[in-house]
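Data first, discussion second: the structure below is written as structure tokens.
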Amino acid sequence: MKEYRKIATVKAKLFEEGDEDGFIHTNGFYGMMEDAHYGINPRLSPFIRTLENQNHKGEFGKHYLCVGIKGEKWLVEKDIFESTYQELASTSSQTEISDEEIEAFAMGYYNEDGGSHYVKIGIEWYREQLKQINDKTNR
């Protein structure tokens, strides 16, 4: 079996009150019925709706809420998240894109149809936009 590394980035934050989509009884429907029968206050857990599970339960402060590139959400246990994800540095102050990076990008994506010239123009425009943003920020 081959090994793969994900290249997509996710947005994430510690799961806290207000992030949930709702609350569900810790022991499901039957637990809720039992609590009602005996007049016990229900034990509720926060949940979010994910692609795989309509009621994915989590605990505030013990999970991270992750949001993927298509807006999909999921929870990751705090210790697992902190050992497998690394925060990305802000790119708002990045103004330098080397010519080698431009060439690698352009040739990697458009080497068959000769479109690398257009990619270079786009990256040059992007480089200028970053420079203008940083100039405004540093004033």
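Name the pairs whose Cβ atoms lie under 9 Å apart, with the first residue in the range 63-83 and closer than 10 Å to I48 by Cβ, the second of a type outside the set (F, W, Y) and part of a helix (DSSP H, G or I), and 6 or more positions between them or separate chains?
Pairs found: H63/K78.
Given the conditions (1) modelled with pLDDT under 70; (2) loosely packed, with under 13 Cβ neighbours inside 10 Å, and given that A106 satisfies all but one, which numbered condition is not satisfied?
That leaves (2) as the condition not met.
Condition check: at pLDDT 80 or above and either in a helix (DSSP H, G or I) or within 25 Å of I133 (Cβ to Cβ) (or both). Does L88 satisfy that?
Judged against the criteria, L88 is a match.
Checking G18 against (1) part of a loop (DSSP other than H, G, I, E, B); (2) at negative phi, which test does it fail?
(2)
Report the residue count in the range 52-69 for those that are under 16 Å from K11 (Cβ atoms) and modelled with pLDDT of 85 or more.
Looking only at that region, the number is 6.
I'd like the full set of residues that are of a type in the set (V, I, T) and farther than 10 Å from D19 by Cβ, limited to the range 40-73.
Across the range 40-73, the qualifying residues are I40, T50, V67, I69.
Kindly indicate the residue of the range 8-44 that is among the β-branched types (V, I, T) and over 15 Å from C66 (Cα atoms) and also surrounded by the most Cβ atoms within 10 Å (Cβ to Cβ) among those meeting that condition.
Once the filter is applied, the top-ranked residue is I24.
Taking interchain pairs and intrachain pairs at least six residues apart, which have beta carbon atoms under 6 angstrom, with the first residue in the range 1-23 and under 18 Å from F47 (Cβ atoms) and the second of a type in the set (D, E, K, R)?
D21/R49
The values are calculated or read from the model by the stated rules, or taken from the named source; none is laboratory data. As the structure is a prediction and not an experimental result, all values here were calculated from the model. Heads up, the Cβs are rebuilt from the backbone with ideal geometry, glycines too, and the neighbour counts pull from every protein chain shown.
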